[in-house]
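**Student:** Here's a structure for you.
Just so it is clear, none of the values below were taken in a lab; they were calculated from the coordinates. Small disclaimer: the values here were computed from a predicted structure and weren't measured. Here the Cβ is made from the backbone with ideal geometry for all residues, glycine too, and neighbour counts use every protein chain on show.
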Amino acid sequence: MEPLNSVIATGAKRFAYGATQAARVLWYTGHYMAGRRMVGPLTEPGEAPYADEFGPLDRVRLKTAFREIFKTDWKNIEAGRYKLPAEMRQPPSPLKLWRQSRDYLRDARKVARRKHQRGHSEVLTPARQEKYPRYFLQNFHYQTDGWMTAGSADRYDMQVETLFTGSAGAMRRQALPAIRKALAGEDIATARLLDLGCGAGRFLAEVKENWPALDATALDLSPAYLGKARTNLGRWKDITYVEANAEATGLPDASFDVITAIYLFHELPPAVRKIVAKEISRLLKPGGTLVQVDTIQYGDEPGFDILLENFPRGFHEPYYDSYCRAELKDLFADAGVIHADETIAFLSKISVFRK
Ligand SMILES: C[S@@+](CC[C@H](N)C(=O)[O-])C[C@H]1O[C@@H](n2cnc3c(N)ncnc32)[C@H](O)[C@@H]1O
């Protein structure tokens, strides 16, 4: 039988987890609703009202799946598959929360203006076109400054959590059990992991928290986002930062045991996805693992298909629809990386592939 003090400690942790996640859901849902109000109707005058088009959405299943992601997250923590999340290890100060909120709400007005003017190419300048591919130079989801500035990188985590009403962290963490499985039997002191399109580095922070000795590389094409990742990951001195295109990283062949790509592929045009899949295959050691996390696709949760259909109508996401229809198994098999497993985590899917 489990000793009483251990039962009490687990109960206290579960309570703290529940209270933290409930507070986060309230906080981000409030910002989501305020943001939606500022953006206004997502369709132009004369078009069918957006709200009506949520008709086929299975709202009961949506609520259940939302609760399930937190239940699964807690079960994984309780089972020791990964540690308590960052928001519990280092809770943000009230001042930081206030600043994030003020910045998010101020920016939401700009996003709304851009959305109504269909302003998705503000970051496209001749100078940048010499350095970056055209598809990268867009204001994805009408975000201010695209991937180009420190301000955008500062705001990114708040925007993603708000979009998913506080569940983005829990969804991303569902990649950690797949990493644990991939690393089982490996010598952590020599194993190497690459996070492709690392963004502001939040996922890599969870990876390092769970495997501090793991040799990790953070790669992103955006200097601003890579800079933010450096700040967010500052307490780990041994991370390698690479500013490069995921299509051609310049990293050596067969140099990684695990590659992660979180919410990267839906931002890539179909032809570029094939190139990046080939680059991943080149970088993985034989037997190495790719853990790819992105949106669910059509048919994964049929009652949510209407959300996938509407998302690129409301936000500038030019490759999202084609990603939701893509055959991922074929995409990676053609590159030499074979599908091994998948898990649905609310609105995300964790797909595991082996070289
Ligand atoms: C939606 S964000 C995801 C960031 C992060 N993985 C996360 O989970 O929040 C996509 C990231 O991919 C980066 N990115 C987009 N295209 C890229 C490319 N071709 N090569 C490298 N990074 C790219 C962007 O700069 C951005 O940081």
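**Student:** Quantify how much of the Cα-Cα distance distribution of the chain extends past 29 Å, in percent.
**Tutor:** 40
**Student:** Of HIS31, PRO91, LEU221, which is farthest on the positive side of the dipole of the chain, counting Cα position, with +1 on Lys and Arg Cβ, -1 on Asp and Glu Cβ, and the Cα centre as origin?
**Tutor:** The Cα lying farthest towards the positive end belongs to PRO91.
**Student:** Which order do the peptides 28-36, 89-97, 223-231 come out in when sorted by mean C-beta neighbours inside 10 angstrom, highest first? Numbers along the way, then the final one.
**Tutor:** Working: 28-36: 16.3, 89-97: 10.3, 223-231: 19.2.
Answer by packing, highest mean first, reads 223-231, 28-36, 89-97.
**Student:** If you put +1 on each Lys and Arg Cβ and -1 on each Asp and Glu Cβ, how big is the dipole of the stretch 171-354 around its Cα centre, in Debye rounded to 20?
**Tutor:** Computed about the Cα centre, the dipole is about 440 debye.
**Student:** A further question follows. Considering only the other residues whose Cβ falls under 14 Å of the Cβ of ASP103, what net charge follows from Lys and Arg at +1 and Asp and Glu at -1? Working shown, then result.
**Tutor:** Values: positive: LYS96, ARG99, ARG102, ARG106, ARG109, LYS110, ARG155, LYS228; negative: ASP107, ASP145, ASP154, ASP157, GLU161.
Around ASP103, the charge tally is +3.
**Student:** How many Å³ per residue does the convex hull of the Cα positions in the stretch 181-290 occupy? Spell out each step's value before the answer.
**Tutor:** On the way: hull volume 10.4 nm³, N = 110.
It comes to 95 Å³ per residue, whole-number rounded.
**Student:** Something else: Counting Lys and Arg as +1 and Asp and Glu as -1, each charge on the Cβ, what is the dipole of the chain about the Cα centre in debye, to the nearest 20?
**Tutor:** Details: 50 positive and 44 negative charges, 214 e Å.
Around 1040 debye, computed over the chain.
**Student:** Using Cα pairs closer than 8 Å and at least 6 residues apart in sequence, work out the relative contact order for the stretch 201-246, in percent. Intermediate values should be presented prior to the final figure.
**Tutor:** Values: 55 pairs, mean separation 22.0, N = 46.
Over the stretch 201-246, the number comes to 48 percent.
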